[in-house]
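See below for the structure under consideration.
The values are calculated or read from the model by the stated rules, or taken from the named source; none is laboratory data. Bear in mind the structure is a predicted one, so any value in this text is a computation, not a measurement. As a convention, Cβ positions derive from the backbone with ideal geometry for all residues, glycine included, and neighbour counts pool all protein chains shown. Note: areas computed on protein heavy atoms with side chains; ligands, DNA, RNA excluded. Shrake-Rupley method; radii C 1.70, N 1.55, O 1.52, S 1.80 Å.
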Amino acid sequence: MKSAVTTVVAAADAAGRFPSMSDFEAVRGSFDRAKARMEAAEKLASGIDKVTADAIDAVYSKGSYDQANKDKCTRDIHHYLRLINYCLVTGGTGPLDEWGIAGMREVIRAQVLPTAAYIEAFTHIRDRVCIPRDMDQQAATEFKGLLDYLINALS
Amino acid sequence: MLDAFSRAVVSADSKGAPIGTGDLVALRKYVADANKRIDATLAITQNVSCIAADAIAGMVCENTGMTQPGGNCYPTRRMAACLRDGEIILRYVSYALLAGDPSVLDDRCLNGLKETYMALGVPIASAVRAVEIMKVATVAIMTETNSGRKMFDGINSGSGAQCQEIAAEAASYFDRVISSLG
């Protein structure tokens, strides 16, 4: 699982050298953002069900998507938000890449899933993040960055 | 390979739950202790040759037959292989310590190590003894409880005593090496 620390360690191991000062600096640099990331992860974890329901209601209340897909969409949005929570913890996109995005296109095509609805839901979540009610500025930046990353991958 | 963070992710994923406040306590501590952890890792990386050479010398001193003809550290080529292995083990311990998780040590160093040593005829008891000495030396240097001069320059002043907890973690990684060989 890729994270700031494992990337550094893997590179050091590939070269057969001990961790160097620049490796330590890289690790420390990733920790500078860790406080904000963990706050975002914590707030997301505590509100994950509400955030999901809120986004699904907003998307499906317009009536432009087949209501039969609503449950599946809820399940998937919840799943992706959980992966975003993991990404916030690891400080990299590893969990999303490995468990969310790899093979995603194939699954979406095979199941004929409404990706437009997903994108709309994630855009809704991104735009609805309220500072400082939901989380502070830095935490929101980290969270929104990952939402954008996912929206890009789905597009 | 996992670190403290991805370990939390993997265990949360097996439950299908997001990582919440409870799980974040340990990770926040890891981040708060980052400087101590880096200092503790520096204690290893700045003293690799010293720790490994002392451990191998100590192992031989306790069993002088090893450097005599027929011994496992005779001729010097085999002694050199021994020193090299000591440094390799220290390298993986330093990775595990930095990552805060033993998976890199397990996957890339210990997996198959015992079988390799048995196939090569390396005396396991002696290898274990060398690792034990490395453990004691590393912990002493890390906590600055070694007799004589201070052995490393951390990036924070006056670490030493503050590295106790992380030194205990480092000791657990050496214990992992020992139990995998035993």
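Please indicate, with yes or no, whether at least one residue in region B:53-63 is of a type outside the set (S, T, N, Q), within 30 Å of residue A:45 (Cα to Cα) and either under 15 Å from the mean Cα position of the chain (by Cα) or more than 9 Å from chain A (Cβ to nearest Cβ) (or both). Taking every residue of region B:53-63 in turn, none turns out to be of a type outside the set (S, T, N, Q), within 30 Å of residue A:45 (Cα to Cα) and either under 15 Å from the mean Cα position of the chain (by Cα) or more than 9 Å from chain A (Cβ to nearest Cβ) (or both). Mind listing just one residue for me: the one in region B:30-52 that is under 20 Å from the mean Cα position of the chain (by Cα) and open to solvent by 40 Å² or more (accessible area, probe 1.4 Å) and, of those, farthest from residue B:125 (Cα to Cα)? By that ranking, first place goes to B:35. So in region A:5-20, with the set limited to residues that are assigned to a helix (DSSP H, G or I) and either among the charged types (D, E, K, R) or at the interface with chain B (Cβ under 8 Å from one of its Cβ atoms) (or both), which one is surrounded by the most Cβ atoms within 10 Å (Cβ to Cβ)? Within region A:5-20, the match that is surrounded by the most Cβ atoms within 10 Å (Cβ to Cβ) is A:5. For region B:20-47, give me the residue count where each residue is at the interface with chain A (Cβ under 8 Å from one of its Cβ atoms) and in contact with a Lys or Arg (Cβ under 9 Å, 6 or more places away or on another chain). The qualifying residues number 7. Scanning region A:130-155 for residues that are surrounded by fewer than 19 Cβ atoms within 10 Å (Cβ to Cβ) and among the acidic types (Asp, Glu), we see that the one that is modelled with the highest pLDDT is A:148.
State all residues of region B:95-118 that are surrounded by 15 or more Cβ atoms within 10 Å (Cβ to Cβ), charged (D, E, K, R) and assigned to a helix (DSSP H, G or I); if no residue qualifies, say none. Result: B:106, B:108, B:114.
Residue A:25 fulfils the conditions (1) at pLDDT 95 or above; (2) farther than 17 Å from residue B:6 by Cα except for a single criterion, (1).
For region A:21-44, name all the residues that are open to solvent by 10 Å² or more (accessible area, probe 1.4 Å), within 8 Å of chain B (Cβ to nearest Cβ) and not acidic (Asp, Glu). Passing the criteria: A:28, A:31, A:35.
Of the residues screened, residue B:92 is one that is touching a Lys or Arg at 6+ places or on another chain (Cβ under 7 Å), in a helix (DSSP H, G or I), open to solvent by less than 30 Å² (accessible area, probe 1.4 Å) and under 19 Å from residue B:104 (Cβ atoms). Quick check, is residue A:127 under 14 Å from residue A:44 (Cα atoms) and either in contact with a strand residue (DSSP E or B) (Cβ under 8 Å, 6 or more places away or on another chain) or open to solvent by 60 Å² or more (accessible area, probe 1.4 Å) (or both)? For residue A:127, the condition - under 14 Å from residue A:44 (Cα atoms) and either in contact with a strand residue (DSSP E or B) (Cβ under 8 Å, 6 or more places away or on another chain) or open to solvent by 60 Å² or more (accessible area, probe 1.4 Å) (or both) - is not met.
Candidates in region B:138-147 are the residues that are in a helix (DSSP H, G or I) and buried (at least 20 other Cβ atoms within 10 Å of the Cβ); of these, the one that is nearest to the chain's Cα centre (by Cα) is B:138. Condition (residue is touching a residue at least 40 places away in the same chain (Cβ under 8 Å) and surrounded by fewer than 22 Cβ atoms within 10 Å (Cβ to Cβ)) applied to region B:11-18: is it met by at least one residue? There is no residue in region B:11-18 that is touching a residue at least 40 places away in the same chain (Cβ under 8 Å) and surrounded by fewer than 22 Cβ atoms within 10 Å (Cβ to Cβ). In region B:58-71 there is at least one residue matching the filter, namely being under 21 Å from residue B:170 (Cβ atoms) and either surrounded by 15 or more Cβ atoms within 10 Å (Cβ to Cβ) or modelled with pLDDT of 95 or more (or both).
Restricting A:47, A:92, A:63, A:103 to residues that are without any contact (Cβ under 8 Å) to a residue 60 or more places away in the chain and open to solvent by less than 50 Å² (accessible area, probe 1.4 Å) narrows the list to A:103.
Name every residue in region A:1-18 that is at pLDDT 95 or above and touching a Ser or Thr at 6+ places or on another chain (Cβ under 6 Å), in order of residue number. Answer for region A:1-18, where residues must be at pLDDT 95 or above and touching a Ser or Thr at 6+ places or on another chain (Cβ under 6 Å): just A:18.
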